Amino acid sequence: MDKSSLFHQFVTFTANVHQVTHELTQNVTVANITPLQYKILEYIKVSQPVTPTEISECQHMSLPNTSRELRKLQDQNLIEKWNDTEDRRKQYIRLSIEGEKMMEAAFACIEERFLQLIQHATQEDIKDIQHALSILEQKVFQQKD
């Protein structure tokens, strides 16, 4: 397979990932937050601690819009902010205890939907999926640590 064909396969794959993600997270019952706020909380959950700039870049939002949404989430006691001890201009964000509880409940719902999606997978299929995800993380998505 040439690299151009691989690229087109990757584009199709990422489009499918977005579609499945939408289906898995659609109508997840989360109290009084918007879908955008949910996406922000989800990003914080899997990447915390994060900075407002990281959230802004990941969510393709302006920094002022990100700050406004973070303020709303902080007002609902779903996130906590603190300043860097060496650079007081830099802020970090993590989920609060209430935010953690809410996201755990949301992830439990999503996990149930995911398990339905793979309900007919054999143990060998599951091993193959895990292996494929590991390779994608290592070779394509290159997780930041």
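The values are calculated or read from the model by the stated rules, or taken from the named source; none is laboratory data. Just so we're clear, the structure is a prediction, and the values are computed from it rather than from any experiment. FYI the Cβ positions are ideal-geometry reconstructions off the backbone, even for glycines, and counts take in every protein chain you see. Quick note on the areas: whole protein, heavy atoms, side chains included, nothing else; ligands and nucleic acids left out. Shrake-Rupley method; radii C 1.70, N 1.55, O 1.52, S 1.80 Å.
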**Asked** Accessible area per residue of the range 32-131 at 1.4 Å probe, in Å²?
**Response** 66
**Complete:** The farthest towards the positive end of the charge dipole of the chain, of the residues Q116, H8, P49, given +1 on Cβ of Lys and Arg and -1 on Cβ of Asp and Glu, is P49
**Request:** Quick one: pull the percent of accessible area on the range 24-139 belonging to carbon and sulfur, 1.4 Å probe, ligands and nucleic acids left out.
**Result:** 50
**Asked** Taking a 1.4 Å probe, which of H60, H18 shows the most accessible area, and what order do the others take after it?
**Response** H60, H18
**Asked** E111 accessible area, nearest 10 Å², 1.4 Å probe?
**Response** 110
**Request:** Could you tell me which trypsin sites (Lys or Arg not before Pro) in the range 59-102 are loop residues by DSSP with no more than 11 other beta carbons within 10 angstrom of their beta carbon?
**Result:** R88, R89
**Prompt:** Looking at the square roots a ≥ b ≥ c of the eigenvalues of the Cα gyration tensor of the range 2-67, which shape do they give, rounded for a/c under 1.5, prolate if a/b is larger than b/c, or oblate?
**Reply:** oblate
**Item:** Between the range 53-112 and the range 16-34, the Cα center-to-center distance that results, in Å
**Value:** 18
**Prompt:** What accessible area, in Å² to the nearest ten, does a 1.4 Å probe give for I135?
**Reply:** 70
